[in-house]
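Scroll down for the structure; my scribbles are underneath it.
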Amino acid sequence: MAGFDAQLRARYAALGAEQQGLRFAVFEQALTGFLNLRRQGKVPAEQQRLAVIDFDLPSSEKRFWVLDLAANRVLYRSLVAHGNNSGQLEATQFSNLNGSNASSLGFYVTGSEYVGKHGRSLRLNGLDPGFNDQAAARAIVVHGADYVSEAFIKQTGRLGRSQGCPALPLELFAPIIDTLKGEPACSCTNPGPATRRPTSTRRWPVRLGGAFPRPWLTGGTPSVFQRRAVSAAPGGCTRQRSCLPPLTHSHSAGTTAGPRQTG
C-alpha cells in the first residue's frame, strides 16, 4: 500500500491541488473511487477527467474542482451550490430520496446533455447504492444558476440553494459541461468516519449490514471509494501497478487550462 500512497501524494503535488484549495483527504477519496470505477468498467479506461466537490467546506468557498489527470492540471475551481434541505451555509444532511431537495454524497458519471428550465444541463448517474443511485430519478443534473455567485454571498453570507443539484455560476457552467461530457466521473465527498463512507472511498472494507442503505445521512461518504478495491483486483490497480497515467512535468502546479471562478 505504501507504493500507492506515494503515487497519490505525487499526483496531488503534480496537480498543484493543495495550492488550489483541494485537501488531500478529499483528493484521496476521489481518486481512489475513480480508479475503482475504472477497474469495474464503469468509467471508460481512457477517461482522465475528474470533478470533485468537497461538502465539508461552506458554500461561500470555492469547493468544486475539475482535474485533468493526464495533463496534471486543475482546469476549474468554482463555487457550487448544495441542496435546500442539506443546510444553510454548510451541507450537513444528505439524502437519496426523491423529493428530499437535498444533495447526495457518492460517485457519479455524467450522462447526456439536454436543455431544460435551467438552460443547458448535464445529467448525472449515481453509482453508490443507498447514497446516490436515485440521482437520475430525482433529475439531479449540473446546471447554472444566478444564486451561485460572489454577489449573492455578499448579500446573504452564503450561496442560494438548489433542489439537490450541483448548481454552478452562470459564467462557468457551460464550459464546465463541455469539459465533463463523455462519462467523466464526479465525486461528492464529505470525509468522515470510515464506517459512514460509501464503500468506494474506504481504505479498508467495513461491514455495514442493514445500516448501509439508510436514505438520510449526516456526514460520511458513499461506497465506491473503498481503498481495498484499488489494491486487490487482479489486472486492475494494484500496489505495484497504478491505473494512473505516468507523471509528467510539463505543467506547473496550479496551472489552469480553462476559465476559473473569479471575484
Taking the range 123-132 as the region of interest, how many residues are part of a strand (DSSP E or B) and of a type in the set (A, V, I, L, M, F, W, C)? 1
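When you check Gly160 against the structure, is it in contact with a Pro (Cβ under 9 Å, 6 or more places away or on another chain), touching a residue at least 60 places away in the same chain (Cβ under 8 Å) and assigned to a loop (DSSP other than H, G, I, E, B), yes or no? Lay out the reasoning, then the answer.
Details: in contact with a Pro (Cβ under 9 Å, 6 or more places away or on another chain): no; touching a residue at least 60 places away in the same chain (Cβ under 8 Å): yes; assigned to a loop (DSSP other than H, G, I, E, B): yes.
It is false that Gly160 is in contact with a Pro (Cβ under 9 Å, 6 or more places away or on another chain), touching a residue at least 60 places away in the same chain (Cβ under 8 Å) and assigned to a loop (DSSP other than H, G, I, E, B).
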Output the residues belonging to the range 99-143 that are farther than 23 Å from Phe34 by Cβ and among the aromatic types (Phe, Trp, Tyr). Tyr114
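Conditions (1) among the hydrophobic types (A, V, I, L, M, F, W, C); (2) touching a Gly at 6+ places or on another chain (Cβ under 6 Å); (3) at pLDDT 95 or above, marked per residue:
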| residue | (1), (2), (3) |
| --- | --- |
| Asn96 | no, no, yes |
| Gly99 | no, no, yes |
| Val115 | yes, no, yes |
| Ser121 | no, no, yes |
| Gly130 | no, no, no |
| Gln134 | no, no, yes |
| Ala137 | yes, no, yes |
| Ile140 | yes, yes, yes |
| His143 | no, no, yes |
Single residue of Arg138, Arg120 found to be charged (D, E, K, R), crowded, with 16+ Cβ neighbours inside 10 Å and not in a strand (DSSP E or B): Arg138
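The values are calculated or read from the model by the stated rules, or taken from the named source; none is laboratory data. No experiment lies behind these values; they were computed from the predicted model shown. Note: ideal-geometry Cβ built from the backbone for every residue, glycine included; neighbour counts use all protein chains shown.
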